Amino acid sequence: MTSNAVSHPTAADHNEELIPRYSFGERANHWIGALTYTFALITGLAFWSPYLYWLAAIVGGGPTARFIHPWFGLIFSASFFWTFKEWHRDMEVNEDDRAWARAMPYYIQNEDEKLPPVGRFNFGQKLFFWGIFFCVILLLLTGVALWYTEALPWSWRYLRYVAILIHASAALISIGLYLIHVYMSTILEEGSFGSMIHGYVTRAWAWTFHRTWYEEIKGGSRSK
């Protein structure tokens with residue numbers, strides 16, 4: 001592992017020339033998903049606990065929150081499914097990811113020079129992706145059931161209770177993943193947040209954090 005680890009002195013030899021990391025479509029879809037998830041999160045928390053009902057005032061009150069919550073949930077789900085279509089191959093876990101996972105403590109401690117090279121996304125980002133994927137499936141299915149809960153006969157009322165339990169559990173898991181994602185993209189990988197705005201990273205950044213991906217696009221094997 002040490003022979004393949006990132007070396008800061010060598011990384012410093014790579015210049016600050018910008019290279020594309022995310023297309024306009026990827027960036028636009030990412031922010032659509034981020035905004036709709038945030039609104040669904042705010043309204044969902046307002047319904048989840050009476051102590052958080054004040055959050056509904058942010059979006060215009062209880063009736064407004066009740067109306068927009070499922071619609072924003074549907075838009076977020078559609079956004080994520082588009083992301084899945086575009087990125088699912090990049091999110092497949094391989095041997096490089098398993099090596100990176102064993103070295104994850106170095107990532108948490110910001111000792112990037114000790115990490116092995118990885119592709120476009122590292123193991124932590126892939127865990128987040130697949131975690132959100134399964135949360136979206138559960139939230140969508142249970143959300144639709146709760147949207148039309150009055151259509152369920154009283155003899156099937158247990159399905160409503162199960163849907164509430166699963167929906168709330170999946171939502172709480174997604175909140176935890178969301179907070180980790182924000183921390184990772186703004187602090188652990190300095191420059192990641194900006195790349196989702198303007199779409200570019202420096203060669204030095206790419207070589208340091210995603211060396212395998214950098215070598216691929218440097219060799220012209222990627223079109224993005």
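The values are calculated or read from the model by the stated rules, or taken from the named source; none is laboratory data. Being a predicted model, the structure only gives us computed values, none of them experimental. Using ideal geometry, Cβ is built from the backbone for each residue, glycine included, and neighbour counts are taken over all protein chains shown. In case anyone asks, the SASA skips ligands and DNA or RNA and just uses the protein heavy atoms, side chains included. Shrake-Rupley method; radii C 1.70, N 1.55, O 1.52, S 1.80 Å.
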Being within 14 Å of Phe80 (Cβ to Cβ) and open to solvent by 60 Å² or more (accessible area, probe 1.4 Å) is the filter here; which residues of segment 157-180 pass it? Tyr178
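Matching residues to (1) on the phi > 0 side of the Ramachandran plot; (2) touching a residue at least 40 places away in the same chain (Cβ under 8 Å); (3) among the hydroxyl-bearing types (Ser, Thr, Tyr); (4) out of contact with any Asp or Glu (no Cβ under 6 Å at 6 or more places or on another chain):
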residue	(1), (2), (3), (4)
Ala163	no, no, no, yes
His167	no, no, no, yes
Ala170	no, no, no, yes
Gly176	no, no, no, yes
Tyr183	no, no, yes, yes
Ile187	no, no, no, yes
Arg203	no, yes, no, no
Trp207	no, yes, no, yes
Arg211	no, yes, no, yes
Give just the number: which of (1) in contact (Cβ under 8 Å) with a residue 12 or more places away in the chain; (2) farther than 11 Å from His210 by Cα does Leu115 not satisfy? (2)
For segment 187-209, state whether one or more residues are charged (D, E, K, R), part of a helix (DSSP H, G or I), open to solvent by less than 80 Å² (accessible area, probe 1.4 Å) and in contact with a strand residue (DSSP E or B) (Cβ under 8 Å, 6 or more places away or on another chain). yes
Can you pull out every residue in segment 101-111 that is in contact (Cβ under 8 Å) with a residue 60 or more places away in the chain and outside any helix (DSSP H, G or I)? Ala103, Asn110
Kindly establish whether Lys218 is open to solvent by 80 Å² or more (accessible area, probe 1.4 Å), farther than 30 Å from Pro70 by Cα and touching a helix residue (DSSP H, G or I) at 6+ places or on another chain (Cβ under 6 Å). no
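Per-residue answers, yes or no, for (1) under 25 Å from Leu45 (Cβ atoms); (2) at pLDDT 90 or above:
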| site | (1), (2) |
| --- | --- |
| Met104 | no, no |
| Tyr107 | no, no |
| Leu127 | yes, yes |
| Gly131 | yes, yes |
| Ile137 | yes, yes |
| Tyr148 | yes, no |
| Trp156 | no, no |
| Ser192 | no, no |
| Trp205 | no, no |
Do you know which residues across segment 81-100 are under 18 Å from the mean Cα position of the chain (by Cα) and part of a helix (DSSP H, G or I)? Phe81, Trp82, Thr83, Phe84, Lys85, Glu86, Trp87, Asp97
Looking at segment 152-165, is at least one residue of a type in the set (Gly, Ala, Ser) and more than 23 Å from Ile19 (Cα to Cα)? yes
Only residues that are part of a loop (DSSP other than H, G, I, E, B) and open to solvent by 50 Å² or more (accessible area, probe 1.4 Å): list them for segment 112-156, please. Tyr148, Pro153
Scan of segment 158-186 for residues that are at pLDDT below 90, more than 16 Å from Leu127 (Cα to Cα) and under 15 Å from the mean Cα position of the chain (by Cα), ordered by number: Thr186
Where a residue in segment 22-33 is under 13 Å from Ser185 (Cβ atoms) and its partner, wherever it lies, is open to solvent by 30 Å² or more (accessible area, probe 1.4 Å) and of a type in the set (D, E, K, R), with Cβ under 9 Å and at least six apart: Tyr22/Lys224
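Quick check: is even one residue across segment 131-144 of a type in the set (Ser, Thr, Tyr) and over 21 Å from Pro70 (Cα atoms)?
No, that holds for no residue.
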